Amino acid sequence: MASLSDEMKNKRDVRRRSSILIIDKDLGNYGLYKSILAMEYELQCVNSIAAASGLCNGKLFDVIVIDSGLDIEDVENFYNEVVEKYKDENPIFLVLEEPSNKESIVNFLSIGMKDYIAKPFSKDGITNVIYEQLKKRREKEICHNVLIIDKDFETLREMKGCLEHKYKVNIVNSCDIAKSYIEHHKPNLIICDLSMLEQSVQEACTEDIPILFMTKTPDAEMISKCAKFNPEGFLIKPIESDMLIKTLERIFLKESYTHFGR
């Protein structure tokens with residue numbers, strides 16, 4: 001029995017169940033949209049922002065494509081409305097525009113569009129942009145979420161720069177913000193400076209979230225207090241990039257064999 005290549009599997013997984021909403025005043029384009037997209041995606045087409053807003057009240061779309069002929073202020077209001085409604089599950093917004101209209105493209109990108117589809121659109125032009133954007137989102141969704149807690153902005157900046165090519169990295173320099181983030185998002189790993197291990201952070205750090213501690217000068221008493229978190233280890237500052245990357249790879253590899261979590 002023939003097996004799918006990795007690329008074909010990726011395309012299948014990205015396209016499976018993805019839903020697309022297209023907003024275009026030109027009804028003559030609807031047949032073309034359907035002939036290009038309906039075989040691979042769940043597709044709906046409407047000719048106004050009002051109609052699109054109504055659909056978004058009852059359905060979560062993966063991609064929303066908007067023709068540049070619509071009023072940009074109406075588009076911006078619609079975008080803000082959808083973002084507020086969907087919270088963390090925002091659709092990918094794309095605009096249909098002629099490549100020569102650079103100012104228009106920039107204006108639409110500035111209000112939240114992820115990319116543009118060149119007009120007049122072709123089969124490859126529209127499918128490639130949609131597929132690449134869905135692929136990027138899928139890759140981002142399966143990335144591990146790392147939260148770094150430290151008062152030192154330079155340390156935060158350097159660690160984020162070191163890790164963000166491979167992980168979703170969030171940095172905070174406030175214990176209260178860290179507590180709120182942990183409670184609402186539950187990162188896959190916490191990297192916390194020992195000086196930030198205040199009560200608010202301790203309350204949020206549960207045993208099912210792997211945690212790494214970092215410090216300039218290890219203190220036996222403080223390290224002993226950290227034992228209740230069953231930490232993955234201690235990083236000594238200044239932290240070398242290679243050591244940091246290898247440490248996280250080790251942690252996530254280990255967790256993958258234990259169903260991630262404790």
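The values are calculated or read from the model by the stated rules, or taken from the named source; none is laboratory data. Every value quoted in this text rests on a predicted model; they were computed, and no experiment measured them. Every residue, glycine as well, gets a Cβ built from its backbone with ideal geometry; the counts of neighbours run over all protein chains shown.
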Check: Do we find a residue being under 30 Å from ILE177 (Cβ atoms) and out of contact with any strand residue (DSSP E or B) (no Cβ under 7 Å at 6 or more places or on another chain) anywhere in segment 115-135?
Finding: no
Next item on the list: Give the number of residues within segment 165-190 that are part of a loop (DSSP other than H, G, I, E, B) and either surrounded by 14 or more Cβ atoms within 10 Å (Cβ to Cβ) or among the hydroxyl-bearing types (Ser, Thr, Tyr) (or both).
Entry: 7
Margin query: So, in segment 207-221, how many residues would count as being exposed (fewer than 15 other Cβ atoms within 10 Å of the Cβ) and farther than 17 Å from PHE252 by Cα?
Written below: 6
Item checked: Tally of residues being modelled with pLDDT under 95, assigned to a helix (DSSP H, G or I) and of a type outside the set (A, V, I, L, M, F, W, C) across segment 55-75 -> 2
Checklist line | Options ILE111, ILE130, ILE105; residue that is surrounded by 15 or more Cβ atoms within 10 Å (Cβ to Cβ) and in contact (Cβ under 8 Å) with a residue 60 or more places away in the chain | finding: ILE130
Check: What tally of residues in segment 212-254 results from selecting those that are more than 23 Å from GLU158 (Cβ to Cβ) and in contact with a Gly (Cβ under 7 Å, 6 or more places away or on another chain)?
Finding: 0
